[in-house]
Amino acid sequence: MRLNLKNPIIFFDLETTGINIASDRIVEISYLKVDLNGNETSRTLRINPGMPIPEKVTAIHGISDEDVKNAPKFNEVAKSLAREIEGCDLAGYNSVKFDIPLLAEEFLRSGVDIDLKRRKFVDVQVIFMKMEPRTLAAAYKFFVNKELDNAHSAEADTKATYEVLQAQLDRYPNLENDIGKLAEFSAHNRNVDFAGRIIYNEDDVEVFNFGKYKGVAVTEVLEKDSGYYGWMMNGDFPLYTKKVLTNIKLGSIKK
């Protein structure tokens with residue numbers, strides 16, 4: 001089924017040095033851009049992460065230090081990527097929990113101001129797990145009836161993700177062909193930051209989603225435990241989480 005788009009949409013996948021949003025880096029990004037007429041353009045970029053790629057990670061995605069030693073660093077391509085993404089919704093496989101938060105971190109480190117929060121996010125993995133809990137390769141076999149060759153290749157995974165979403169819309173009549181609705185269905189929580197450390201509760205109040213203050217309003221914690229802000233700002237949390245926390249703190253001061 002062809003997607004019903006209000007904005008162009010970019011399906012993308014990242015290969016990285018690891019799975020820590022705050023400290024790991026992108027080594028490859030591949031994206032497939034679908035415009036309002038259904039026309040598709042794709043691009044794959046190798047990125048020099050500026051740090052060693054662990055051997056156990058190379059064993060998964062096949063990208064070594066040697067493969068990226070002459071590749072551009074993310075800050076060298078950040079502005080062109082931001083221009084490509086501007087005005088587009090985003091989709092991926094496990095993108096809400098990993099790819100989007102990590103991409104946001106890379107943009108922040110590069111000093112590129114891009115407001116990803118204005119975009120709709122569709123996570124094909126979440127839709128699949130709610131409908132048929134399996135892996136991307138199994139999803140591809142189930143929905144598209146093909147074997148996924150070159151799994152863990154960013155380009156193959158990106159194309160497969162796009163095809164799976166189209167097939168999901170064909171298979172499930174209750175899935176509305178609307179990116180906004182699909183983004184809502186893809187969401188685990190209503191995240192304030194990309195990593196989901198701070199979320200909105202049912203009253204639209206920002207609350208912590210981890211640790212000893214899980215479920216407690218951020219402003220309440222900052223008021224009664226003055227050291228908690230400093231602990232988070234000095235801790236191993238994503239830059240965007242720290243940015244959101246600071247904005248909430250400043251907002252409460254102004255009030």
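The values are calculated or read from the model by the stated rules, or taken from the named source; none is laboratory data. All figures in this text were calculated on a predicted structure; none of them were measured in a lab. Positions of Cβ are generated from backbone atoms using ideal geometry, with glycine treated the same way; all protein chains shown enter the neighbour counts.
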Restricting region 80-100 to residues that are in contact with a helix residue (DSSP H, G or I) (Cβ under 7 Å, 6 or more places away or on another chain) and touching a residue at least 60 places away in the same chain (Cβ under 8 Å), the one surrounded by the most Cβ atoms within 10 Å (Cβ to Cβ) turns out to be ALA91
For this session: Considering every residue within region 126-142, establish whether at least one is closer than 19 Å to GLY196 by Cβ, among the charged types (D, E, K, R) and surrounded by 15 or more Cβ atoms within 10 Å (Cβ to Cβ).
Result: no
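Does PHE121 qualify as being touching a residue at least 12 places away in the same chain (Cβ under 8 Å), within 28 Å of PRO49 (Cα to Cα) and assigned by TED's automatic domain parsing to the domain that holds LYS159? Step through it out loud before you land on a result.
Working: touching a residue at least 12 places away in the same chain (Cβ under 8 Å): yes; within 28 Å of PRO49 (Cα to Cα): yes; assigned by TED's automatic domain parsing to the domain that holds LYS159: yes.
Answer is yes for this residue.
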Within region 220-255, restricting to residues that are more than 25 Å from ILE114 (Cβ to Cβ) and buried (at least 17 other Cβ atoms within 10 Å of the Cβ), the one that is nearest to the chain's Cα centre (by Cα) is TYR229
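Could you count how many residues in region 145-165 are closer than 17 Å to VAL122 by Cα and either in contact with a strand residue (DSSP E or B) (Cβ under 8 Å, 6 or more places away or on another chain) or small (Gly, Ala, Ser) (or both)? Step through it out loud before you land on a result.
If we filter region 145-165 for residues that are closer than 17 Å to VAL122 by Cα, which is where we start, we get 157-165.
Checking which are either in contact with a strand residue (DSSP E or B) (Cβ under 8 Å, 6 or more places away or on another chain) or small (Gly, Ala, Ser) (or both) leaves us with 157-162, 165.
Residues that pass the stated criteria total 7.
Just to be sure before I move on: is ALA217 in contact with a helix residue (DSSP H, G or I) (Cβ under 7 Å, 6 or more places away or on another chain) and of a type in the set (Gly, Ala, Ser) in the structure I sent?
Values: in contact with a helix residue (DSSP H, G or I) (Cβ under 7 Å, 6 or more places away or on another chain): no; of a type in the set (Gly, Ala, Ser): yes.
Spelling it out, it is not the case that ALA217 is in contact with a helix residue (DSSP H, G or I) (Cβ under 7 Å, 6 or more places away or on another chain) and of a type in the set (Gly, Ala, Ser).
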GLY111 fails exactly one of (1) in contact (Cβ under 8 Å) with a residue 40 or more places away in the chain; (2) surrounded by fewer than 17 Cβ atoms within 10 Å (Cβ to Cβ); (3) farther than 17 Å from VAL27 by Cβ; (4) not acidic (Asp, Glu), namely (1)
